[in-house]
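Step one of this worksheet: look at the structure below.
The values are calculated or read from the model by the stated rules, or taken from the named source; none is laboratory data. The structure displayed is predicted, hence computed values, not measured ones. In this analysis, Cβ positions are derived from the backbone assuming ideal geometry, glycine residues included, and neighbour counts consider all displayed protein chains. All accessible areas refer to the heavy atoms of the entire protein, side chains included, with ligands and DNA or RNA removed. Shrake-Rupley method; radii C 1.70, N 1.55, O 1.52, S 1.80 Å.
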Amino acid sequence: MHNFSYTIRNNSRSKHLRLVVYPDGRVVVSVPLRVSPLVIERFVASKKEWIEESLKRFAARPVSPHKLKSSRTDFKKYKEIARMIVKEKILQFNEYYKFKVGQIAIKNQKSRWGSCSRKGNININYKIALLPTRLADYLIVHELCHLGQFNHSQKFWDLVGETIPDYKDRMKELKGY
């Protein structure tokens, strides 16, 4: 038995079971289609010690994006976590939008949360790894919707609102970071 809960995400593109522990304490298992619950439970049980250590490590270091100075050390520490979050969220939200996404890059930007190029490349600040889930969702949807509307017109905001109806509140909250 374990002292944590986890979420199962079915992923039709996945070929292997994958486990992610997020800084906010979420544990997510991505699984290919048609994997039995028993196989999933055994997989999680085999990773129990690593999951518990990761959860303790994150709990011991409550870090706010405000406190990070965009140092090289912090960037190296959070870059791969950010990459996993971004890829997962783009897959999740793009199931709805179905935009053609180019390359995804995690950057150490001082004044931007994200950007999108006309080629469909998406750049996201590594500090997304430290944001609450609702703000990370907004950030990803915002950049993803630029693939449909490369501006901030009402059509763009209508696109964002299709999956994030309270986007105005989240945008204000994100500015606080």
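Which one of Val39, Val86, Thr7 has its Cα pushed farthest toward the positive end of the charge dipole of the chain, where Lys and Arg give +1 and Asp and Glu give -1 at the Cβ?
Of Val39, Val86, Thr7, it is Val86.
Expected output is a single nm value to one decimal: the length gained when fully extending between Asp24 and Glu49, i.e. 0.36 nm times separation in residues minus the C-alpha distance. What is it?
Going from the current span to full extension adds 7.2 nm.
Hey, any idea what % of region 1-152's accessible area is carbon plus sulfur with a 1.4 Å probe?
Using a 1.4 Å probe with all protein chains present, region 1-152 comes out at 51 percent carbon and sulfur.
Looking at the chain, send over the antiparallel percent of its DSSP beta bridges, to the nearest 5.
If I count the DSSP bridges inside the chain, around 45 percent turn out antiparallel.
Can you compute the charge dipole magnitude of region 22-166 about its Cα centre, using +1 on each Lys and Arg Cβ and -1 on each Asp and Glu Cβ, nothing else charged? Give it in debye, rounded to the nearest 20.
720
Label points 7 Å out from Cα along the Cβ direction at Arg118 and Lys15: separation in nm?
Going by the 7 Å Cα→Cβ label model, 3.6 nm.
So for the pair Val39, Gln154, with labels modelled 7 Å out along Cα→Cβ, what separation do we get in nm?
5.0
Please compute the contact order of the chain in relative form: average sequence separation of alpha-carbon pairs under 8 Å and at least six residues apart, divided by the residue count, as a percent.
16
Give the peptides 152-158, 126-132, 81-87 in descending order of average Cβ contacts within 10 Å, highest first.
126-132, 81-87, 152-158
Hey, with R₀ at 25 Å, roughly what FRET efficiency would Lys76 and Lys175 work out to, going by the Cβ-Cβ distance, to 0.05?
About 0.40, to the nearest 0.05.
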